[in-house]
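The values are calculated or read from the model by the stated rules, or taken from the named source; none is laboratory data. None of the values given here were measured: they were computed from a predicted structure. All Cβ positions, glycine included, derive from the backbone under ideal geometry; neighbour counts span all protein chains shown. The area values use the complete protein model at the heavy-atom level, side chains included, leaving out ligands, DNA and RNA. Shrake-Rupley method; radii C 1.70, N 1.55, O 1.52, S 1.80 Å.
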Amino acid sequence: LGDPAGKAVAAMLRFNSSLSWLSLQDNAISDDGGVAIGNALPHNQSLRSMSLKANSIHDPTGEAIVGGMRGSTSLTELDVSWNDLNYSNFQAIERLIQEHSALYKQGAVGRLKKELHRLRKEEPKLAVREAEFAALVQERDRLITEAHVTRDEVDANELFTKEKIEEVEFEFASSSQELDERKAEMKTLRGVVDEEEKGMDKEVKHAEMLASISVKEVKMAHQEKERLAEEKISAQRELILQEENLEREQAEAAETLAALKAAYDEACAQMEENSKEVEAFEAADLEAASAAAEVEAAATEKAEAEHERVAVGAPEPEKKPEDKKPPPGAADKKGAAAAG
């Protein structure tokens, strides 16, 4: 980190009131950063342990640290080994550390009493937080289960929609192919009818030109021509009806395909919305985990305070009348614990 970072740490120590442990070991800090850190110590009352091991500090930093420690008694552990400090600075630092440790131990009983009193006041809140955490976990499990069920339904609907679209696309392709084949057949049939009509015209003209043909034969030829013309018109009408039927079937298939595609898009949108809900559930899960960490930290803090009180031999502080009242639901908890 070097001296710029060392100076930045020094500026932070002047205003910080919660930091209790700091390690700047092996960070190439010289006297510029070291002196700044030493001068910041009188302004900090929370730092209890600091390591400046294996840096490049010398006697100016040692003198600044000694002066800083005389202005604040909070620092009880300091490692300045593997630095170029003279023996007198090492001795002064060691003596001040011992004095600070003794002062800290003397005030331990009072601090522990205050901390135990604070923790006892926080105990009802801890029970409430535990109940809230249990409710959050139950709600999280319920929401995750619902999300999984919804996702399975969306996957099933998506699979069904895809299969239906493929089926309709196949039918649409078959209808298109059949329509093309019908059109080709109608074109061929029209050619045949036109050829027959041309042939009949030629025959009628030839018959009229023949003087030996009787009027009856000419009339029969005209009737045959009219019959063929009516058959041609009927065939054309039939072909037109077939074309209209095929075009109507093709339009209905296109509408069905469009409806299925719209349903598929809607299913995709629903699946995306469900994914967002799952992300929200996961965020709620993280929040519940954070609440659990806070509950566990509060319980650990209480246990450490009790352990430290026992270690120093401090008597347990007397409870005030209001502290002796059981918190709401405490009787139910004891009964549940006995049953367990």
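Using 0.36 nm per residue, how much length does the chain from residue 265 to residue 238 gain when fully extended, once their Cα-Cα distance is taken away? Each step should come with its number before you reach the end.
Values: separation 27, 0.36 × 27 = 9.72 nm, distance 4.07 nm.
Stretched fully, the residue 265-residue 238 segment lengthens by 5.7 nm.
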### Task
Tell me which residues come under 5 Å, amide H to amide H, from residue 50 once H is placed; ignore anything under 5 positions away on its chain.
22, 77, 78, 79
### Summary
Expressed in angstrom and rounded, the centroid-to-centroid distance over alpha carbons for region 90-111 and region 1-56 is 20 Å
### Over the chain, relative contact order from alpha-carbon pairs under 8 Å, at least 6 apart, %
16 percent
### Summary
Against the 2.2 N^0.38 Å rule of thumb, the C-alpha Rg of region 41-114 sits at a ratio of 1.15
### Query
At 222 nm, what helix-only mean residue ellipticity would the chain give, in deg cm²/dmol to the nearest 500, using -39500 (n - 2.57) for each DSSP H run of four or more?
-29000 deg cm²/dmol
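Computed FRET efficiency, Cβ-Cβ of residue 17 and residue 250, R0 51 Å: what is it to the nearest 0.05? Please report the intermediate quantities before stating the final value.
Values: r = 80 Å, r/R0 = 1.57.
For R0 = 51 Å, the calculated efficiency reads 0.05.
Largest first and in whole Å, what are the equivalent-ellipsoid semi-axes of the chain based on the Cα gyration tensor, each being the root of 5 times an eigenvalue? Let's see the in-between values first.
Working: eigenvalues 2118, 213, 25 Å².
Here the semi-axes work out to 103, 33, 11 Å.
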### Summary
Expressed per residue, the solvent accessible area of the chain in Å² (1.4 Å probe) is about 66 Å²
### Task
Please identify, among 154, 35, 204, the residue showing maximal mean-square fluctuation in a Gaussian network model of the chain using a 10 angstrom Cα cutoff.
204
### Task
Identify which of 64, 127, 288 has the largest mean-square fluctuation in a Gaussian network model of the chain, with springs joining Cα atoms closer than 10 Å.
64
